[in-house]
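Structure record follows, encoded as structure tokens.
The values are calculated or read from the model by the stated rules, or taken from the named source; none is laboratory data. Since this is a predicted model, take the numbers as computed values, not measurements. Virtual Cβ from ideal backbone geometry, glycine too; neighbours counted across all protein chains shown. When the accessible area is computed, the model is the full protein with side chains, heavy atoms only, and any ligands, DNA or RNA have been set aside. Shrake-Rupley method; radii C 1.70, N 1.55, O 1.52, S 1.80 Å.
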Amino acid sequence: MTVTQSMSGATTADCRRRAAPPSPEPGRRGGYTISEVAAATGLSAHTLRWYERIGLMPHVDRSHTGQRRFTERDLDWLGFVGKLRLTGMPVADMVRYAELLREGEHTFEQRQELLEATRRDVTARIAELRDTLAVLDHKIDFYASARKAPERPCD
């Protein structure tokens with residue numbers, strides 16, 4: 001198994017454990033077509049093209065006929081982007097992160113700050129969801145208790 005560093009800074013093994021969808025055919029040479037990547041990631045071909053157009057995807061190689069050919073590294077990156085999407089990170093921030101990544105190691109601090117801000121947002125949303133869950137649990141308990149209570153005689 002070869003371990004390479006993905007665009008997110010993590011190794012390919014780390015990304016697969018955390019985020020990446022299964023590859024269409026692991027170890028296949030020549031790359032994956034857009035339809036294979038769409039099937040593996042759940043993203044539409046339109047979304048993949050859009051990601052490339054706005055700079056969220058790194059340069060995607062092309063075949064001699066001009067067809068996009070995605071690599072394992074691209075799949076790892078899409079897995080990471082999928083996790084960023086789940087955090088609610090705005091697309092503009094994801095694009096900014098990708099730009100910083102392409103600029104090199106001197107942007108580590110800026111990338112870290114961007115991820116830390118996103119983490120703070122996620123933590124706040126988790127707290128809100130816990131409060132909401134507590135309200136739901138209270139109501140569920142109320143209805144469960146009300147259904148089990150003996151009927152009251154009419155007054």
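Residues that are among the charged types (D, E, K, R), at pLDDT below 95 and open to solvent by 40 Å² or more (accessible area, probe 1.4 Å) do not occur anywhere in the range 42-49.
Okay, residues lined up against (1) in contact with a strand residue (DSSP E or B) (Cβ under 7 Å, 6 or more places away or on another chain); (2) open to solvent by less than 100 Å² (accessible area, probe 1.4 Å); (3) over 20 Å from residue 55 (Cβ atoms); (4) in contact (Cβ under 8 Å) with a residue 12 or more places away in the chain:
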| residue | (1), (2), (3), (4) |
| --- | --- |
| 99 | no, yes, no, yes |
| 132 | no, yes, yes, no |
| 140 | no, no, yes, no |
| 143 | no, no, yes, no |
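Exactly one residue out of 93, 76 is under 19 Å from residue 43 (Cβ atoms), part of a helix (DSSP H, G or I), open to solvent by 50 Å² or more (accessible area, probe 1.4 Å) and of a type in the set (Asp, Glu): that is 93. The condition of being assigned to a helix (DSSP H, G or I), at pLDDT below 95 and among the basic types (Lys, Arg) holds for only one of 147, 152, that being 147. Filtered by the rule that a residue be open to solvent by 80 Å² or more (accessible area, probe 1.4 Å) and charged (D, E, K, R), the range 51-60 gives a lone residue, 53.
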